[in-house]
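K.L.:
Pasting a structure here, questions to come.
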Amino acid sequence: MRIILLLSITLLYSEVKEHVKDSIKIPAFDLSKPMNIPGLVPTNISALNMKTNLLPYQIDAIKDNANQFIPEPVSDNDIVILETSRGTMKLKLFPKIAPKHCTNFKKLANSGFYDGTKFHRIIPGFMIQGGDINSRDNDGDNDGFGGPGWTVDAEFSDRPHLRGTLSMARSADPNSAGSQFFICVDQAYHLDLKYTAFGNVIDGDEILDIITRIPSEAKQVFKSFKTKIPEHKSEENWMEYPFNGKTFYVKIPRTTTADIYKDVIKKQLKNKHRPFIPVIIQSIRAVDSNNSLNE
């Protein structure tokens, strides 16, 4: 009797186990693609999380998409909507002054190339610079060195670099502009006839001040320096840090060591123009103002 009962329970358990196994479908991992975890890595470029660092193959996909994208011709009615994590600006392009740069900018913007990039270089009293696809990977040291994979020849003009001027960043080669751009936050006449101005801010000018008020990594880490260890925190883990001929004291985070943290501080002190709080370019789109007003 006991044997029959045990056999019945065993058969019942096997049936239930098989039923559960059939009802739960465990997705398979495709090891041919990095981090290809179903449900976690989107296949659609536009669905990529703008706050997540991208892998090299994802960045290459965005570049390829931008390269193949054919935008509508730039018109005098076009308005650029630049949405950032600090607010939205609207800009007007200068297609008659810099047609190649305006077309290139619209191509990159409307393909989604700029979505999720950062303003990686901010200099109060001068300009804010962004548009580098490298600002979307996990290596901050290469920010400012990236591009879309092609360049645009210079289109210098007598258009002055004033507050709100949209201009194109480049290397020492005048014809090396690619995707990185900057917006002046003050007059910068020394850039005239050396950099291509191709637009200007027409709405949301105050966002420039909001962005430039964000402290740099260097300023923020220096704020953590103390001239002496606070008495009520004497039991915490502190270290000496020499800087500009003086000795300061810095609290060591519990998650690291003094040697590692010294390297971190040294690196941050060099980042005089990288904002401590990232400024994300959520999207840039060039739209026909007539159509947008009728929507």
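K.L.:
For region 257-267, indicate whether the set of residues that are small (Gly, Ala, Ser) and free of Cβ contacts under 8 Å to residues at least 24 places away in the same chain is non-empty.
P.N.:
Checking region 257-267: at least one residue is small (Gly, Ala, Ser) and free of Cβ contacts under 8 Å to residues at least 24 places away in the same chain.
K.L.:
Please identify the pairs in which a residue from region 175-188 that is not assigned by TED's automatic domain parsing to the domain that holds Pro160 has its Cβ atom under 6 Å from the Cβ atom of a residue that is among the basic types (Lys, Arg) and surrounded by fewer than 24 Cβ atoms within 10 Å (Cβ to Cβ), counting only partners at least 6 apart or on another chain.
P.N.:
none
K.L.:
If you check Gly116, Gly125, which single one turns out to be in a loop (DSSP other than H, G, I, E, B) and surrounded by 16 or more Cβ atoms within 10 Å (Cβ to Cβ)?
P.N.:
Gly116
K.L.:
While we're looking at this one, here's another question. For region 144-194, what are the residues that are of a type in the set (Val, Ile, Thr) and touching a Phe, Trp or Tyr at 6+ places or on another chain (Cβ under 8 Å)?
P.N.:
Val185 - this is the single residue of region 144-194 that is of a type in the set (Val, Ile, Thr) and touching a Phe, Trp or Tyr at 6+ places or on another chain (Cβ under 8 Å).
K.L.:
Could you grab me the full set of residues in region 128-145 that are part of a loop (DSSP other than H, G, I, E, B) and within 12 Å of the chain's Cα centre (by Cα)?
P.N.:
In the first step, residues of region 128-145 are kept if they are part of a loop (DSSP other than H, G, I, E, B); the result is 131-132, 137-139, 143-145.
Gly131, Asp132, Asp137, Asn138, Asp139, Asp143, Gly144 - these are the residues of region 128-145 that are part of a loop (DSSP other than H, G, I, E, B) and within 12 Å of the chain's Cα centre (by Cα).
K.L.:
If a residue must be touching a strand residue (DSSP E or B) at 6+ places or on another chain (Cβ under 8 Å), assigned to a helix (DSSP H, G or I) and surrounded by fewer than 13 Cβ atoms within 10 Å (Cβ to Cβ), how many such residues does region 204-255 contain?
P.N.:
Of the residues in that region, 2 qualify.
K.L.:
Out of all the residues in region 135-163, which are free of Cβ contacts under 8 Å to residues at least 60 places away in the same chain and touching a helix residue (DSSP H, G or I) at 6+ places or on another chain (Cβ under 8 Å)?
P.N.:
Asn142, Gly144, Phe145, Gly146, Gly147, Val152, Asp153, Glu155, Pro160, His161, Arg163 - these are the residues of region 135-163 that are free of Cβ contacts under 8 Å to residues at least 60 places away in the same chain and touching a helix residue (DSSP H, G or I) at 6+ places or on another chain (Cβ under 8 Å).
K.L.:
Here is a further query. Any idea which residue in region 48-70 is nearest to Ser135 (Cα to Cα), counting only those that are at pLDDT 95 or above and of a type in the set (S, T, N, Q)?
P.N.:
Ranking the candidates gives Gln58 first.
K.L.:
Is it the case that Ile284 is in contact with a helix residue (DSSP H, G or I) (Cβ under 7 Å, 6 or more places away or on another chain), β-branched (Val, Ile, Thr), surrounded by 16 or more Cβ atoms within 10 Å (Cβ to Cβ) and assigned by TED's automatic domain parsing to the domain that holds His101?
P.N.:
Considered against the rule, which asks whether it is in contact with a helix residue (DSSP H, G or I) (Cβ under 7 Å, 6 or more places away or on another chain), β-branched (Val, Ile, Thr), surrounded by 16 or more Cβ atoms within 10 Å (Cβ to Cβ) and assigned by TED's automatic domain parsing to the domain that holds His101, Ile284 comes out as yes.
The values are calculated or read from the model by the stated rules, or taken from the named source; none is laboratory data. No experiment lies behind these values; they were computed from the predicted model shown. Neighbour counts run over all protein chains shown; Cβ positions are idealised from the backbone, glycine included.
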